[in-house]
Amino acid sequence: MNLHAIGISHNTAALEIRERMWLSDDEIRAVLPRLKAAKHFDECVLVSTCNRTELYGLSAGEGPDDGTMTRLLIEAKGTPAAVGPAHFTGARAGRAVQHLFRVAAGIDSMVIGDIQILGQIKDAFHLARESGTMGPVLNRLMQATLHVGKRVRTETSICEGAVSVSYAAVELASKIYADLSRKSVLLVGAGETGELTLRHLQGKGIGGVAIANRTREKAEALAASFGGTAVDFDRIAEALPAADILITSVAGPAYVVGPDEVHRVMRVRSNNPLFIIDIGVPRNVHPGVGKIDNVFLYDVDALSSIVDRNLEKRKGEIPKVTRIIREELAAFFRWQNGLEVGPTIQEFRQQVEAIRAEEVRRNVNRFRAEDRELLDLVTRRIVNKILHRPTTALKQEAESGGHGEDLLRRVNALRELFGLGQNGEAPREE
(Lines give C-alpha, C1' and ligand atoms only; values in the text may rest on other atoms or scores of the structure.)
Protein backbone atom coordinates (compact mmCIF):
# COMPACT_ATOMS: atom_id res chain seq x y z
CA MET A 1 0.00 0.00 0.00
CA ASN A 2 1.46 3.34 -1.08
CA LEU A 3 -0.51 6.24 0.35
CA HIS A 4 0.40 9.71 -0.86
CA ALA A 5 -0.85 13.07 0.42
CA ILE A 6 -0.29 16.55 -0.99
CA GLY A 7 -2.00 19.73 0.08
CA ILE A 8 -2.14 23.44 0.62
CA SER A 9 -3.28 24.88 3.94
CA HIS A 10 -3.11 27.87 6.28
CA ASN A 11 0.30 26.52 7.32
CA THR A 12 1.75 26.97 3.82
CA ALA A 13 -0.22 29.71 2.03
CA ALA A 14 -2.11 32.94 2.63
CA LEU A 15 -5.88 33.15 2.22
CA GLU A 16 -5.73 34.72 -1.24
CA ILE A 17 -3.73 31.68 -2.40
CA ARG A 18 -5.77 29.06 -0.55
CA GLU A 19 -9.07 30.34 -1.91
CA ARG A 20 -7.82 29.82 -5.46
CA MET A 21 -7.42 26.12 -4.71
CA TRP A 22 -10.81 25.63 -3.06
CA LEU A 23 -12.86 22.99 -4.88
CA SER A 24 -16.64 22.78 -4.81
CA ASP A 25 -18.41 19.42 -4.44
CA ASP A 26 -19.17 19.38 -8.17
CA GLU A 27 -15.52 20.07 -9.00
CA ILE A 28 -14.42 17.25 -6.70
CA ARG A 29 -16.91 14.87 -8.34
CA ALA A 30 -15.32 15.73 -11.69
CA VAL A 31 -11.66 15.57 -10.59
CA LEU A 32 -11.57 12.30 -8.63
CA PRO A 33 -12.73 9.97 -11.46
CA ARG A 34 -10.22 11.63 -13.83
CA LEU A 35 -7.35 10.93 -11.42
CA LYS A 36 -8.38 7.29 -11.16
CA ALA A 37 -9.02 6.87 -14.90
CA ALA A 38 -5.57 8.29 -15.68
CA LYS A 39 -4.08 5.48 -13.54
CA HIS A 40 -2.54 7.93 -11.08
CA PHE A 41 -4.32 6.24 -8.16
CA ASP A 42 -6.37 3.15 -7.42
CA GLU A 43 -8.22 5.00 -4.65
CA CYS A 44 -8.33 8.73 -3.87
CA VAL A 45 -10.14 11.37 -1.82
CA LEU A 46 -10.07 15.19 -1.85
CA VAL A 47 -10.61 17.33 1.26
CA SER A 48 -11.33 20.99 0.45
CA THR A 49 -12.28 23.63 3.04
CA CYS A 50 -11.65 27.34 3.48
CA ASN A 51 -8.32 26.55 5.17
CA ARG A 52 -7.02 23.55 3.22
CA THR A 53 -7.25 21.53 0.01
CA GLU A 54 -5.60 18.12 0.32
CA LEU A 55 -5.44 15.11 -1.99
CA TYR A 56 -4.93 11.61 -0.60
CA GLY A 57 -4.19 8.91 -3.13
CA LEU A 58 -3.44 5.20 -2.96
CA SER A 59 -1.46 3.42 -5.65
CA ALA A 60 -0.43 -0.20 -6.08
CA GLY A 61 2.98 0.77 -7.45
CA GLU A 62 5.34 3.65 -6.78
CA GLY A 63 2.70 6.25 -7.63
CA PRO A 64 3.23 9.91 -8.57
CA ASP A 65 5.80 12.00 -6.71
CA ASP A 66 4.97 15.22 -4.82
CA GLY A 67 5.71 17.39 -7.84
CA THR A 68 3.34 15.41 -10.06
CA MET A 69 0.59 15.43 -7.42
CA THR A 70 0.98 19.19 -6.98
CA ARG A 71 0.71 19.69 -10.73
CA LEU A 72 -2.40 17.48 -10.87
CA LEU A 73 -4.12 19.58 -8.20
CA ILE A 74 -3.17 22.90 -9.75
CA GLU A 75 -4.30 21.75 -13.19
CA ALA A 76 -7.55 20.41 -11.75
CA LYS A 77 -8.35 23.90 -10.45
CA GLY A 78 -6.81 25.72 -13.42
CA THR A 79 -4.64 28.13 -11.40
CA PRO A 80 -1.06 27.59 -12.66
CA ALA A 81 -0.25 31.31 -12.74
CA ALA A 82 -1.29 32.08 -9.16
CA VAL A 83 -0.32 28.94 -7.23
CA GLY A 84 3.02 27.17 -7.20
CA PRO A 85 4.77 24.11 -5.70
CA ALA A 86 6.12 26.20 -2.79
CA HIS A 87 2.55 26.49 -1.44
CA PHE A 88 2.21 22.70 -1.08
CA THR A 89 3.54 20.10 1.31
CA GLY A 90 3.43 16.33 0.98
CA ALA A 91 3.56 13.19 3.10
CA ARG A 92 3.67 9.48 2.39
CA ALA A 93 2.61 6.20 3.96
CA GLY A 94 2.46 6.45 7.77
CA ARG A 95 3.15 10.18 7.82
CA ALA A 96 0.21 10.77 5.48
CA VAL A 97 -2.09 8.80 7.81
CA GLN A 98 -0.73 10.68 10.83
CA HIS A 99 -1.36 14.02 9.12
CA LEU A 100 -4.96 13.11 8.32
CA PHE A 101 -5.52 12.01 11.93
CA ARG A 102 -4.10 15.34 13.18
CA VAL A 103 -6.43 17.25 10.86
CA ALA A 104 -9.46 15.25 12.03
CA ALA A 105 -8.47 15.81 15.67
CA GLY A 106 -8.45 19.58 15.15
CA ILE A 107 -4.82 20.16 16.16
CA ASP A 108 -3.71 21.11 12.65
CA SER A 109 -6.51 23.69 12.28
CA MET A 110 -6.13 27.46 12.28
CA VAL A 111 -8.20 27.41 15.48
CA ILE A 112 -7.12 24.54 17.74
CA GLY A 113 -10.02 22.19 18.40
CA ASP A 114 -11.99 23.17 15.29
CA ILE A 115 -15.29 21.29 15.57
CA GLN A 116 -16.25 21.61 11.89
CA ILE A 117 -13.33 19.82 10.28
CA LEU A 118 -14.42 16.29 11.24
CA GLY A 119 -17.75 16.74 9.44
CA GLN A 120 -15.93 18.17 6.42
CA ILE A 121 -13.63 15.14 6.27
CA LYS A 122 -16.63 12.82 6.52
CA ASP A 123 -18.29 14.66 3.63
CA ALA A 124 -15.07 14.34 1.59
CA PHE A 125 -15.02 10.56 1.98
CA HIS A 126 -18.71 10.37 1.04
CA LEU A 127 -17.96 12.38 -2.14
CA ALA A 128 -15.18 9.93 -2.96
CA ARG A 129 -17.60 7.04 -2.53
CA GLU A 130 -20.14 8.77 -4.80
CA SER A 131 -17.37 9.30 -7.36
CA GLY A 132 -16.31 5.65 -7.33
CA THR A 133 -12.81 6.31 -5.99
CA MET A 134 -13.15 4.67 -2.58
CA GLY A 135 -11.77 1.20 -2.02
CA PRO A 136 -11.11 -1.12 0.91
CA VAL A 137 -8.05 0.78 2.17
CA LEU A 138 -9.54 4.28 2.05
CA ASN A 139 -12.76 2.91 3.50
CA ARG A 140 -10.80 1.57 6.48
CA LEU A 141 -8.85 4.85 6.66
CA MET A 142 -12.16 6.77 6.77
CA GLN A 143 -13.41 4.65 9.67
CA ALA A 144 -10.13 5.11 11.54
CA THR A 145 -10.08 8.88 10.91
CA LEU A 146 -13.64 9.41 12.12
CA HIS A 147 -12.90 7.25 15.16
CA VAL A 148 -9.94 9.50 16.00
CA GLY A 149 -12.18 12.57 15.81
CA LYS A 150 -14.87 11.02 17.99
CA ARG A 151 -12.38 9.87 20.62
CA VAL A 152 -10.74 13.29 20.76
CA ARG A 153 -14.11 14.99 21.29
CA THR A 154 -15.27 12.57 24.00
CA GLU A 155 -11.99 11.91 25.84
CA THR A 156 -10.50 15.42 25.83
CA SER A 157 -11.66 19.02 26.29
CA ILE A 158 -9.90 20.37 23.21
CA CYS A 159 -13.18 21.52 21.63
CA GLU A 160 -14.53 23.17 24.78
CA GLY A 161 -14.57 26.88 25.56
CA ALA A 162 -15.31 29.73 23.17
CA VAL A 163 -12.39 30.75 20.96
CA SER A 164 -14.08 33.65 19.17
CA VAL A 165 -15.32 36.93 20.63
CA SER A 166 -18.84 36.33 19.37
CA TYR A 167 -19.14 32.84 20.81
CA ALA A 168 -17.53 33.87 24.10
CA ALA A 169 -20.32 36.43 24.48
CA VAL A 170 -22.97 33.77 23.88
CA GLU A 171 -21.39 31.38 26.39
CA LEU A 172 -21.46 34.13 29.01
CA ALA A 173 -25.10 34.86 28.23
CA SER A 174 -25.91 31.17 28.71
CA LYS A 175 -24.34 31.28 32.17
CA ILE A 176 -26.30 34.37 33.20
CA TYR A 177 -29.64 33.15 31.81
CA ALA A 178 -30.58 29.51 32.31
CA ASP A 179 -33.25 29.58 29.57
CA LEU A 180 -32.42 31.82 26.60
CA SER A 181 -35.68 30.90 24.86
CA ARG A 182 -37.49 33.13 27.35
CA LYS A 183 -35.12 36.07 26.80
CA SER A 184 -34.85 38.72 24.08
CA VAL A 185 -31.90 40.50 22.46
CA LEU A 186 -31.45 43.98 21.01
CA LEU A 187 -28.68 44.37 18.45
CA VAL A 188 -27.51 47.95 17.86
CA GLY A 189 -25.50 48.19 14.65
CA ALA A 190 -25.36 45.66 11.84
CA GLY A 191 -21.63 44.88 11.84
CA GLU A 192 -20.28 41.45 10.97
CA THR A 193 -19.28 40.48 14.55
CA GLY A 194 -22.58 41.68 15.97
CA GLU A 195 -24.51 39.70 13.38
CA LEU A 196 -22.39 36.61 14.09
CA THR A 197 -23.07 36.96 17.82
CA LEU A 198 -26.77 37.21 17.09
CA ARG A 199 -26.56 34.12 14.90
CA HIS A 200 -24.90 32.18 17.75
CA LEU A 201 -27.62 33.36 20.13
CA GLN A 202 -30.28 32.20 17.71
CA GLY A 203 -28.54 28.83 17.59
CA LYS A 204 -28.93 28.68 21.37
CA GLY A 205 -32.66 29.32 21.01
CA ILE A 206 -32.91 33.02 21.93
CA GLY A 207 -36.51 34.25 22.15
CA GLY A 208 -37.19 37.74 20.71
CA VAL A 209 -34.86 39.65 18.37
CA ALA A 210 -34.84 43.41 17.73
CA ILE A 211 -32.33 45.28 15.56
CA ALA A 212 -31.49 48.99 15.43
CA ASN A 213 -29.22 50.57 12.85
CA ARG A 214 -28.55 54.07 11.58
CA THR A 215 -29.81 52.85 8.21
CA ARG A 216 -33.37 51.68 8.80
CA GLU A 217 -33.47 49.59 5.61
CA LYS A 218 -30.46 47.55 6.70
CA ALA A 219 -32.02 46.93 10.12
CA GLU A 220 -35.23 45.75 8.47
CA ALA A 221 -33.39 43.40 6.10
CA LEU A 222 -31.34 41.88 8.91
CA ALA A 223 -34.38 41.61 11.21
CA ALA A 224 -36.28 39.77 8.48
CA SER A 225 -33.51 37.20 8.17
CA PHE A 226 -33.67 36.51 11.92
CA GLY A 227 -37.45 36.68 12.22
CA GLY A 228 -37.17 39.80 14.38
CA THR A 229 -38.27 43.43 14.34
CA ALA A 230 -36.51 46.65 13.33
CA VAL A 231 -36.12 49.57 15.76
CA ASP A 232 -35.39 53.20 14.90
CA PHE A 233 -31.86 54.13 15.94
CA ASP A 234 -33.02 57.18 17.89
CA ARG A 235 -35.47 55.06 19.91
CA ILE A 236 -32.96 52.59 21.37
CA ALA A 237 -33.65 53.78 24.93
CA GLU A 238 -37.34 52.99 24.49
CA ALA A 239 -36.60 49.47 23.19
CA LEU A 240 -33.97 48.63 25.79
CA PRO A 241 -36.28 47.82 28.77
CA ALA A 242 -37.74 44.91 26.79
CA ALA A 243 -34.30 43.44 26.07
CA ASP A 244 -32.42 41.06 28.36
CA ILE A 245 -29.30 41.14 26.18
CA LEU A 246 -27.87 44.20 24.42
CA ILE A 247 -25.25 43.83 21.69
CA THR A 248 -23.63 47.01 20.39
CA SER A 249 -21.49 47.10 17.26
CA VAL A 250 -21.50 50.69 16.02
CA ALA A 251 -18.65 52.63 14.42
CA GLY A 252 -18.33 56.12 15.91
CA PRO A 253 -16.51 58.18 18.55
CA ALA A 254 -19.48 58.78 20.90
CA TYR A 255 -21.05 56.42 23.40
CA VAL A 256 -24.40 55.03 22.26
CA VAL A 257 -25.45 53.94 25.76
CA GLY A 258 -24.62 55.76 29.02
CA PRO A 259 -25.14 55.23 32.78
CA ASP A 260 -28.15 57.56 33.08
CA GLU A 261 -30.11 55.67 30.42
CA VAL A 262 -29.29 52.30 31.92
CA HIS A 263 -30.28 53.45 35.42
CA ARG A 264 -33.72 54.38 34.02
CA VAL A 265 -33.93 51.09 32.13
CA MET A 266 -33.12 49.06 35.25
CA ARG A 267 -35.89 50.79 37.22
CA VAL A 268 -38.37 49.87 34.48
CA ARG A 269 -36.99 46.30 34.45
CA SER A 270 -37.41 46.03 38.25
CA ASN A 271 -33.65 45.55 38.42
CA ASN A 272 -33.75 42.26 36.49
CA PRO A 273 -30.31 41.34 35.02
CA LEU A 274 -29.18 43.07 31.83
CA PHE A 275 -26.31 41.53 29.85
CA ILE A 276 -24.44 43.98 27.59
CA ILE A 277 -21.91 42.92 24.92
CA ASP A 278 -19.99 45.93 23.62
CA ILE A 279 -18.15 44.86 20.47
CA GLY A 280 -17.65 48.42 19.20
CA VAL A 281 -14.20 49.92 18.72
CA PRO A 282 -14.16 52.62 20.03
CA ARG A 283 -16.48 51.35 22.77
CA ASN A 284 -20.19 52.03 22.36
CA VAL A 285 -21.14 51.70 26.05
CA HIS A 286 -19.82 53.99 28.78
CA PRO A 287 -17.61 52.01 31.23
CA GLY A 288 -19.67 53.36 34.13
CA VAL A 289 -22.59 51.21 33.00
CA GLY A 290 -20.73 48.14 34.24
CA LYS A 291 -20.86 49.46 37.84
CA ILE A 292 -24.66 49.39 37.95
CA ASP A 293 -26.18 46.55 39.98
CA ASN A 294 -27.31 43.54 37.94
CA VAL A 295 -25.75 44.94 34.76
CA PHE A 296 -23.09 42.67 33.23
CA LEU A 297 -20.94 44.61 30.75
CA TYR A 298 -18.29 42.94 28.60
CA ASP A 299 -16.24 44.78 25.99
CA VAL A 300 -13.89 43.40 23.33
CA ASP A 301 -10.90 43.23 25.68
CA ALA A 302 -12.84 41.32 28.34
CA LEU A 303 -14.16 38.86 25.77
CA SER A 304 -10.71 38.50 24.17
CA SER A 305 -9.18 37.60 27.54
CA ILE A 306 -11.77 34.83 27.89
CA VAL A 307 -10.88 33.60 24.41
CA ASP A 308 -7.16 33.64 25.25
CA ARG A 309 -7.70 31.59 28.40
CA ASN A 310 -9.80 29.07 26.49
CA LEU A 311 -7.13 28.76 23.80
CA GLU A 312 -4.51 28.03 26.45
CA LYS A 313 -6.75 25.35 27.91
CA ARG A 314 -7.15 23.79 24.47
CA LYS A 315 -3.38 23.80 23.94
CA GLY A 316 -3.03 21.99 27.24
CA GLU A 317 -5.15 19.14 25.82
CA ILE A 318 -2.81 18.52 22.86
CA PRO A 319 -0.72 15.85 24.67
CA LYS A 320 -3.91 13.85 25.31
CA VAL A 321 -4.89 14.20 21.65
CA THR A 322 -1.41 13.13 20.54
CA ARG A 323 -1.68 9.99 22.68
CA ILE A 324 -5.01 9.10 21.05
CA ILE A 325 -3.50 9.62 17.60
CA ARG A 326 -0.57 7.33 18.46
CA GLU A 327 -2.95 4.61 19.64
CA GLU A 328 -5.12 4.86 16.54
CA LEU A 329 -2.07 4.93 14.26
CA ALA A 330 -0.87 1.68 15.84
CA ALA A 331 -4.31 0.12 15.33
CA PHE A 332 -4.43 1.23 11.70
CA PHE A 333 -0.88 0.01 11.04
CA ARG A 334 -1.73 -3.38 12.55
CA TRP A 335 -4.57 -3.68 10.07
CA GLN A 336 -2.44 -2.37 7.19
CA ASN A 337 0.51 -4.58 8.10
CA GLY A 338 -1.79 -7.57 8.10
CA LEU A 339 -2.63 -6.83 4.47
CA GLU A 340 1.07 -6.98 3.55
CA VAL A 341 2.55 -9.50 5.97
CA GLY A 342 -0.07 -12.26 6.09
CA PRO A 343 -0.18 -13.04 2.36
CA THR A 344 3.61 -12.62 2.04
CA ILE A 345 4.36 -15.11 4.83
CA GLN A 346 1.86 -17.57 3.41
CA GLU A 347 3.36 -17.25 -0.08
CA PHE A 348 6.90 -17.54 1.31
CA ARG A 349 6.04 -20.74 3.19
CA GLN A 350 4.24 -22.19 0.18
CA GLN A 351 7.24 -21.54 -2.06
CA VAL A 352 9.75 -23.07 0.36
CA GLU A 353 7.45 -26.03 0.95
CA ALA A 354 7.16 -26.54 -2.81
CA ILE A 355 10.97 -26.62 -3.09
CA ARG A 356 11.20 -29.11 -0.20
CA ALA A 357 8.49 -31.35 -1.62
CA GLU A 358 10.08 -31.32 -5.09
CA GLU A 359 13.51 -32.25 -3.73
CA VAL A 360 12.04 -35.03 -1.62
CA ARG A 361 10.18 -36.36 -4.66
CA ARG A 362 13.33 -36.31 -6.81
CA ASN A 363 15.47 -38.09 -4.21
CA VAL A 364 13.02 -40.32 -2.35
CA ASN A 365 14.12 -43.44 -4.26
CA ARG A 366 17.61 -43.12 -2.79
CA PHE A 367 16.19 -44.00 0.60
CA ARG A 368 14.86 -47.28 1.91
CA ALA A 369 11.06 -47.56 2.01
CA GLU A 370 11.04 -47.59 5.81
CA ASP A 371 13.05 -44.31 5.89
CA ARG A 372 10.95 -42.33 3.45
CA GLU A 373 8.36 -41.20 5.98
CA LEU A 374 11.17 -40.07 8.28
CA LEU A 375 12.76 -38.17 5.37
CA ASP A 376 9.54 -36.24 4.83
CA LEU A 377 9.21 -35.48 8.55
CA VAL A 378 12.83 -34.34 9.02
CA THR A 379 12.84 -32.06 5.97
CA ARG A 380 9.58 -30.46 7.11
CA ARG A 381 11.10 -29.79 10.53
CA ILE A 382 14.22 -28.27 8.97
CA VAL A 383 12.12 -25.94 6.81
CA ASN A 384 9.94 -24.92 9.74
CA LYS A 385 12.96 -24.14 11.92
CA ILE A 386 14.57 -22.06 9.18
CA LEU A 387 11.36 -20.10 8.56
CA HIS A 388 10.32 -19.70 12.19
CA ARG A 389 12.49 -16.76 13.16
CA PRO A 390 11.97 -14.45 10.12
CA THR A 391 8.24 -15.14 9.83
CA THR A 392 7.66 -14.71 13.59
CA ALA A 393 9.59 -11.42 13.57
CA LEU A 394 7.47 -10.10 10.68
CA LYS A 395 4.25 -11.18 12.39
CA GLN A 396 5.21 -9.58 15.69
CA GLU A 397 6.16 -6.30 14.03
CA ALA A 398 2.86 -6.28 12.12
CA GLU A 399 0.84 -7.03 15.25
CA SER A 400 2.63 -4.35 17.27
CA GLY A 401 1.61 -1.68 14.75
CA GLY A 402 5.19 -1.02 13.66
CA HIS A 403 5.83 1.90 11.32
CA GLY A 404 4.36 1.06 7.93
CA GLU A 405 7.28 2.28 5.82
CA ASP A 406 9.94 0.20 7.63
CA LEU A 407 7.83 -2.93 7.60
CA LEU A 408 6.90 -2.41 3.95
CA ARG A 409 10.60 -2.26 3.03
CA ARG A 410 11.24 -5.58 4.77
CA VAL A 411 8.25 -7.22 3.10
CA ASN A 412 9.27 -5.90 -0.31
CA ALA A 413 12.87 -7.10 0.24
CA LEU A 414 11.60 -10.58 1.11
CA ARG A 415 9.38 -10.70 -1.96
CA GLU A 416 12.18 -9.48 -4.22
CA LEU A 417 14.89 -11.81 -2.83
CA PHE A 418 12.71 -14.91 -3.17
CA GLY A 419 10.84 -13.84 -6.31
CA LEU A 420 7.46 -14.04 -4.59
CA GLY A 421 4.53 -13.24 -6.84
CA GLN A 422 6.59 -13.47 -10.03
CA ASN A 423 5.21 -16.81 -11.16
CA GLY A 424 3.33 -19.77 -9.81
CA GLU A 425 6.29 -22.22 -9.94
CA ALA A 426 8.96 -22.86 -7.36
CA PRO A 427 12.48 -22.01 -8.54
CA ARG A 428 14.50 -24.98 -9.77
CA GLU A 429 18.22 -25.71 -9.84
CA GLU A 430 19.73 -25.45 -13.27
Tally time: how many residues in the stretch 254-284 are open to solvent by 40 Å² or more (accessible area, probe 1.4 Å) and in contact with a strand residue (DSSP E or B) (Cβ under 7 Å, 6 or more places away or on another chain)? 3
Could you check, for the stretch 361-383, whether at least one of its residues is at pLDDT 85 or above and either within 29 Å of residue 335 (Cβ to Cβ) or within 50 Å of the chain's Cα centre (by Cα) (or both)? yes
Residue list for the stretch 234-268, restricted to those being of a type outside the set (A, V, I, L, M) and free of Cβ contacts under 8 Å to residues at least 24 places away in the same chain: 234, 235, 238, 260, 267
Regarding the stretch 209-227, can at least one residue be identified that is within 34 Å of the chain's Cα centre (by Cα) and buried (at least 21 other Cβ atoms within 10 Å of the Cβ)? no
If you go through the stretch 88-100 one residue at a time, do you hit one that is touching a strand residue (DSSP E or B) at 6+ places or on another chain (Cβ under 9 Å), open to solvent by less than 40 Å² (accessible area, probe 1.4 Å), over 27 Å from residue 322 (Cα atoms) and at pLDDT 90 or above? no
Does residue 200 satisfy being crowded, with 16+ Cβ neighbours inside 10 Å and modelled with pLDDT of 95 or more? no
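So that you can scan it fast, the table gives a plain yes or no per residue for (1) crowded, with 22+ Cβ neighbours inside 10 Å; (2) assigned to a helix (DSSP H, G or I):
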| residue | (1), (2) |
| --- | --- |
| 129 | no, yes |
| 132 | no, no |
| 137 | no, yes |
| 141 | yes, yes |
| 145 | yes, yes |
| 151 | no, yes |
| 160 | no, no |
| 170 | yes, yes |
| 174 | no, yes |
Exception for residue 287 within (1) in contact (Cβ under 8 Å) with a residue 24 or more places away in the chain; (2) open to solvent by 40 Å² or more (accessible area, probe 1.4 Å) falls at (1)
Those residues of the stretch 234-256 which are out of contact with any Gly (no Cβ under 9 Å at 6 or more places or on another chain) and under 19 Å from residue 198 (Cα atoms) amount to 236, 239, 240, 241, 245, 246
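The values are calculated or read from the model by the stated rules, or taken from the named source; none is laboratory data. Bear in mind that the values here come from a model prediction, so they are computed numbers and not experimental data. For neighbour counting, all protein chains shown are included, and Cβ atoms are generated from backbone atoms with ideal geometry for every residue, glycine included. Just the protein is used for accessible areas: all its heavy atoms, side chains included, with ligands, DNA and RNA removed. Shrake-Rupley method; radii C 1.70, N 1.55, O 1.52, S 1.80 Å.
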